[in-house]
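Here's the structure, in structure tokens; my notes come after.
The values are calculated or read from the model by the stated rules, or taken from the named source; none is laboratory data. All values derive from a computational prediction rather than experimental measurement. For neighbour counting, all protein chains shown are included, and Cβ atoms are generated from backbone atoms with ideal geometry for every residue, glycine included.
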Amino acid sequence: MARGWRGEVPSPLPPFPVVCVYLSCAFQLLDKIPRTKQGGKKKGASSSQPPKSAKKQRLEIREPSPNPALQSDSESEEQAPIPLRSVTFVDKRVMGGRNIDLNFCSSEFSFVSWLEDLNLIPLVQISDPYYIKLVKEFYSNLRMASNQNEEFALSSSVKGERIYLNARILASILHIPHTGLYVFEHKKWPEVEGFHLNQILLILYPNDPNVHPNMALTTNRLSVDHRRLHHLIVHQILPTGGGYAKLSRMQVFLMWCILSKIEFCFPLLMLKAMVRAFSQKKSVLPFGSILTKVFQHFHIRLEGEVATKLNKEDTYNKSTLNRMGWKKHEGIWTYCPKADQAPRIAREEQEDNPPWEAQEQAAPAQAHTAPAQAQSSSSTTDYDRMMEFMTSQFSSMQASFNGQFKQIKTQLGSLAEDHKILHSEFENVDEGVYYDLRVVKRRLKRMERKLANAKIIDCCENTSGDEGDSSSDSDTPAPAES
């Protein structure tokens, strides 16, 4: 059998396509890295160009207080604008919120009584649908409406209607108190009289004999009451877009306030959370259902707007807890996650807290380093994370490509074997057809001679190729005629 390209096993594919895929992935990852601005001389702006765009100028102008008696026009003109950055809200996710089934939870859990002691039950019973378009418009038009020495206030506009919010107004809309202490710390533990860290840690982790300030504050070791309370905090009071598997210092402090019946100004904390959601590029837009009540309070027309209802799992009831893996055995709720929930649990344990709630384990000496050194270490850390991510992605891609190439090589080998079989079969068919044609030709010659001897035809004409068959025809006797 002739050996040609059909019968040979093709060699493996060249690595050029793999290199192209690697380079394209690397370019995409490099494009996502924030580029630092290079120092240089700025060109002088011409007098014909405006100093800032209208959109950025609108975000940086401070609005005066709604009470004109608090400040004069000259004072408001001399005040420096509060730097609110211009960020896009199109791609940001809107959080609706969470609520509880009061009848079920009050009979099964203790965290309901903790919230009742501080009159926070109305905050965890908000189940209104939220309007994504209006929520994004609210945050995009958000402004600071108070001076440094005045009560903290925000203002915005939705569908042409002005919204003014401070702690008292937001508390009256949500029917919760606005008095009490206020403190916010994300880099260290709050320093408040009566707040002892080891005491609250012993309450949250009673089965852990090694309680210390630098321990890992994970939520999977919390009791059902403490875990439900943490869920309500990270969705209704201090919302976060991730990091539910870990507790931040501020979340632990808020849980201490609720457990110890310490009055805290939760409306002010929620207003500050709105400002952080505005300024952070990668944050979510919280308080979707709460803002619906704000829109209704300021008589903003909601007719014709697309409403988004809360999901069934956003309401804590018996079925929701069962889906989360909580089962009641002998009157005690126990966490028994299902097998199909293992990927979700692993994903939550790997999530990080948002930037303003990240737990920093650095030493106190490192906390007082120079800003330039901190910025350099942050850039180095980001670069290391990027390289680790690229290495892991390349490793997974290489493993995937190796598996696919092995599969292609196996399939090509099987195709080559099939080609060999077909080639041998075609050779056998060729030889058989040639033999059959020779047999038919000899039979036709004998029949022609018989017809010539019987004088049915004139004579037997010799055709080309008869000489090769004469010997075989003469040696083979003619069959007897019947």
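Residues in the stretch 267-307 that are of a type in the set (Ser, Thr, Tyr) and closer than 12 Å to Phe138 by Cα: how many?
Residues of the stretch 267-307 of a type in the set (Ser, Thr, Tyr): 279, 283, 289, 292.
Within this subset, residues satisfying the condition of being closer than 12 Å to Phe138 by Cα are 292.
So the answer is 1.
Residue by residue through the stretch 257-298, note down the ones that are in contact with an Asp or Glu (Cβ under 7 Å, 6 or more places away or on another chain) and either exposed (fewer than 14 other Cβ atoms within 10 Å of the Cβ) or modelled with pLDDT under 95 (or both).
Looking only at the stretch 257-298, we keep the residues that are in contact with an Asp or Glu (Cβ under 7 Å, 6 or more places away or on another chain), and these are 261, 289, 292-293, 298.
Across the stretch 257-298, the qualifying residue is only Lys261.
In the set Thr320, Thr334, only one residue is surrounded by fewer than 19 Cβ atoms within 10 Å (Cβ to Cβ), within 20 Å of Leu204 (Cα to Cα), among the β-branched types (Val, Ile, Thr) and modelled with pLDDT under 95; that residue is Thr334. Take the stretch 119-151 and flag every residue that is surrounded by 19 or more Cβ atoms within 10 Å (Cβ to Cβ) and under 21 Å from Gln236 (Cβ atoms). Those that are surrounded by 19 or more Cβ atoms within 10 Å (Cβ to Cβ) and under 21 Å from Gln236 (Cβ atoms): Leu120, Leu123, Val124, Ile126, Asp128, Tyr130, Tyr131, Leu134, Val135, Phe138, Tyr139, Leu142. Scanning the stretch 157-176 for residues that are more than 30 Å from Leu115 (Cα to Cα) and outside any loop (DSSP other than H, G, I, E, B) yields a total of 4. Close contacts from the stretch 376-404, counting a first residue that is assigned to a helix (DSSP H, G or I) and loosely packed, with under 10 Cβ neighbours inside 10 Å and a second that is modelled with pLDDT of 80 or more and of a type outside the set (S, T, N, Q), with Cβ to Cβ under 7 Å and a gap of 6+ residues or different chains, come to none at all. A count restricted to the stretch 121-170 and to residues that are in contact with a Ser or Thr (Cβ under 8 Å, 6 or more places away or on another chain), of a type in the set (Ser, Thr, Tyr) and modelled with pLDDT under 95 stands at 3. Taking the criterion of being out of contact with any strand residue (DSSP E or B) (no Cβ under 6 Å at 6 or more places or on another chain), of a type in the set (Val, Ile, Thr) and modelled with pLDDT of 85 or more, the residues of the stretch 219-250 that qualify are Thr219, Ile233, Val234, Ile237. Select from the stretch 204-227 the residues that are assigned to a helix (DSSP H, G or I) and surrounded by fewer than 15 Cβ atoms within 10 Å (Cβ to Cβ) and list them in ascending order. None; the set is empty. Candidates His235, His226: the one that is assigned by TED's automatic domain parsing to the domain that holds Lys272, touching a residue at least 40 places away in the same chain (Cβ under 8 Å) and in contact with a Lys or Arg (Cβ under 6 Å, 6 or more places away or on another chain) is His235.
Select the helices (runs of 4 or more DSSP H) contained entirely in the stretch 263-325, then report the ones holding at least 3 residues which are among the polar types (S, T, N, Q). Spell out how you get there, then give the answer.
Numbers: elements: 266-279, 288-297, 318-324.
Passing ranges, in order: 288-297, 318-324.
Please state which one of Thr410, Thr369, Thr391 is at pLDDT 50 or above and under 36 Å from the mean Cα position of the chain (by Cα). I'd like the intermediate steps shown before the answer.
Working: Thr410 fails: under 36 Å from the mean Cα position of the chain (by Cα); Thr369 fails: at pLDDT 50 or above.
Within the list Thr410, Thr369, Thr391, the selection yields Thr391.
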